[in-house]
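Below is one structure, written out as structure tokens; the observations come after it.
The values are calculated or read from the model by the stated rules, or taken from the named source; none is laboratory data. Quantities reported herein were computed from a predicted structural model and do not represent experimental measurements. When we count neighbours, we look across all protein chains shown, and the Cβ atoms used for this are built from the backbone with ideal geometry, even at glycine. Only protein heavy atoms, including side chains, enter the accessible area calculation; ligands, DNA and RNA are left aside. Shrake-Rupley method; radii C 1.70, N 1.55, O 1.52, S 1.80 Å.
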Amino acid sequence: MVVAAGLLAGCGGESHGTWPLPGADLSGTRAAAGAKIDAANVGALAPRWRFALRAAPSYSGIFASTPVADRKTVYVQDLRSDVFALDRSTGAVRWSRLLHARNDGPNGLALESGRVFGATDSDAFALDASTGRELWERHLTGRTEQFVNIAPVPWKGLVFLSTIGYDPFGRGALYALDARTGAVRWKFVTIKDPWAHPLEAGGGGAWYPVSVDSRGRLYAGNSNPTPWGGTPKLPNGAAFPGPALYTDSLLVLDARSGRLLWFDQVTPHDVRDYDFQATPILARQGDRDLVFGAGKAGRVIAWDRRTQQRLWTAVVGLHRNDLGPLPVRRVTVCPGLLGGVETPMAYAAGRLFVPVVDLCGWGSAVGSQQVATIDPSKGRGRLVALDASTGRTVWQRRFPSPDFGCAAVAGDVVFTSTFDGTVYALSTQDGAILWRARMRAGVNSCPAVVGDLLLVGAGVRRPGGPPPELVAFGLSGP
């Protein structure tokens, strides 16, 4: 329900490498192809240009997405759904399209065939990448689908997005739109059955991008049912009795038709807001094709894509009172509403890099802590490297602030960032800190790398501080 990412873009002179999709590629690896940054030179990174983000902030700040980039331009979307095209070399604005639609994120963009795909809080759209001219717009929300906060993923003439469902009546759905016209090609409702108490219950839908494999299978992480906790009349999630399929599940669909192929529910009858929301990562380990998923329950899971069997589960971060029904009295729950694996993982060379938030909250069978009451600065963070074959922890690095900054890999370096505005470059081998930088605002967006640039969005303004901004760190100065 919150936070997402950062990014990377070009360089002065000749540029190399692109980042066209929010997860870098269709497999969602967040690994930069053609990056020039590595462990030997990362210490030379310094700000090359800055782009101020001046729109009025929402609850999540003003920037929570992963910008995308082609060879000449970086494209970013703020949390007012406004889109900016920036020169990769200088950060100068090539064009902008101001949509003024509040979105608490994560939102964001995708590039394909000269088009920029995105969404507001209610509508999907396509823009001409050269000019920003609108090519089409498609309204998606309604009585049972109240919000859109996902970055799109284009694939073979289709664009995949999702709505989110809230109570009352909410039943979020995955969509495939025609990339040329915006027409709906298929829709899959991510809540299997009508709610037993539709005035009180809602949920479902994806809020991080999907992945697609070479066989045309779409992988999505589905969100939680609401309300978490409960009420005196309907305690412990009695508003949604039973497992509440397909909440908190890995969903696998035929990308061409939207037909459900298989699913696995990670948290049946979730009463703690434990979305299984992170973008699934697709990779091959030995002779097996795997998919890795994670979410706010603080569990990373690997499945064999052919047999559909779980291979391993790794528990990361703090855990307390996180399983089973809740008691009537308030108890401390870890992970809390903004804890666990909040933002996308990265994968490279047989390792998963998992950003973790250690931030507890409270739970009760007859009450619900509200997200707006949480102070994210009270938490801590860590980045955990897992062996992708076994789930074994290879190393972990702890941070004094929550890691809402996703992970992104460039060669033998993994980048992440924390809520206090610190950007870290770590060795993929042992987690050693190779470089760090302090941003002028807090970070809840994901880093990405293109060429010799690291682009990081700092979208959470500090009291009395300068405006949030996007910073392009390059291997040499301006």
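If we count every other residue with Cβ under 13 angstrom of residue 227's Cβ, Lys/Arg +1 and Asp/Glu -1, where does the sum land? Please report the intermediate quantities before stating the final value.
Numbers: positive: 233, 272; negative: 167, 200, 270, 273.
Computed value for this residue: -2.
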**OP:** For the stretch 294-360, just list the percent of Cα-Cα distances falling in each 10 Å bin from zero outward, please.
**Re:** 20, 42, 27, 9, 1
Original post:
What residues have an amide H closer than 5 Å to that of residue 158, excluding those fewer than 5 places away on the same chain, when H is modeled at 1.01 Å from N in the peptide plane?
Top reply: 179
Original post:
Over the stretch 32-174, what relative contact order in percent results from Cα pairs under 8 Å that are six or more residues apart?
Top reply: 14
Subject >> Sum of side-chain charges, residue 434 neighbourhood, beta-carbon under 12 Å (Lys, Arg +1; Asp, Glu -1) >> reply: -1
Original post:
Nearest 20 debye, what's the magnitude of the dipole of the chain about its Cα centre given +1 on Lys and Arg Cβ and -1 on Asp and Glu Cβ?
Top reply: 220
Subject >> Förster-model FRET efficiency, 30 Å R0, residue 192 and residue 370, C-beta, rounded to 0.05 >> reply: 0.65
Original post:
So what does log10 I(q)/I(0) come out to for the stretch 7-149 at q = 0.19 Å⁻¹, using the Debye formula with one equal point on every Cα and no solvent?
Top reply: -1.18
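Suppose all protein chains stay in the model; what accessible area per residue would a 1.4 Å probe give for the chain, in Å²?
Working: 16450 Å² over 478 residues.
Roughly 34 Å² per residue, with all protein chains present.
Can you pull the percent of the stretch 212-256's accessible area that's carbon plus sulfur, 1.4 Å probe, other chains left in place?
Working: 820 of 1400 Å².
Reported share for carbon and sulfur atoms: 58 percent.
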Original post:
Nearest 20 debye, what's the magnitude of the dipole of the stretch 264-408 about its Cα centre given +1 on Lys and Arg Cβ and -1 on Asp and Glu Cβ?
Top reply: 320
Original post:
At q = 0.27 Å⁻¹, what base-10 log of I(q)/I(0) does the Debye formula yield for the stretch 115-192 when every alpha carbon is treated as an equal point scatterer in vacuo?
Top reply: -1.28
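So, counting K/R as plus one and D/E as minus one, what does the shell of residues with Cβ under 13 Å around residue 92 add up to? Working shown, then result.
On the way: positive: 48, 50, 72, 88, 94; negative: 87.
Surrounding charge for residue 92 is +4.
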Original post:
Dimensions of the stretch 178-308 along principal axes (Cα, Å, largest first)?
Top reply: 50, 39, 21
**OP:** Please pull out the direction-averaged projected area of the stretch 293-438, using the convex hull of its alpha-carbon atoms, in nm² to one decimal place.
**Re:** 9.4
Subject >> From phi via Karplus (6.51, -1.76, 1.60), per-residue ³J(HN,Hα) for the stretch 344-356 in Hz, x at Gly/Pro >> reply: x, 7, 10, 9, 6, 6, x, 10, 9, 10, 10, x, 10
**OP:** Select from 262, 244, 230 the residue farthest towards the positive end of the dipole of the stretch 215-358; place +1 on Cβ of Lys and Arg, -1 on Cβ of Asp and Glu, and compute about the Cα centre.
**Re:** 262
**OP:** Could you run the Debye sum over the Cα atoms of the stretch 366-478, one equal point scatterer each and no solvent, and tell me log10 of I(q)/I(0) at q = 0.18, 0.24 Å⁻¹, two decimals?
**Re:** -0.93, -1.37
Subject >> Segment residue 260-residue 156, extension gain: residue separation times 0.36 nm, minus the distance between their alpha carbons >> reply: 35.5 nm
Original post:
Using a simple charge model, +1 on the beta-carbon of Lys and Arg, -1 on the beta-carbon of Asp and Glu, nothing else, what dipole does the stretch 421-478 show about its Cα centre, in debye to the nearest 20?
Top reply: 300
Original post:
Put a dot 7 Å past each Cα toward the Cβ at residue 141 and residue 215; how far apart are the dots in nm?
Top reply: 3.7
Subject >> Integer Hz, Karplus 6.51/-1.76/1.60 couplings in order for the stretch 442-452, x for Gly and Pro >> reply: x, 10, 9, 9, 9, x, 9, 10, 9, x, 9
**OP:** Pairs of lysines 8 or more apart, or on different chains, with alpha carbons under 26 Å: count those in the chain, would you?
**Re:** 7
Subject >> Kirkwood Rh, angstrom, the chain [1 / mean 1/r, Cα pairs] >> reply: 21.6
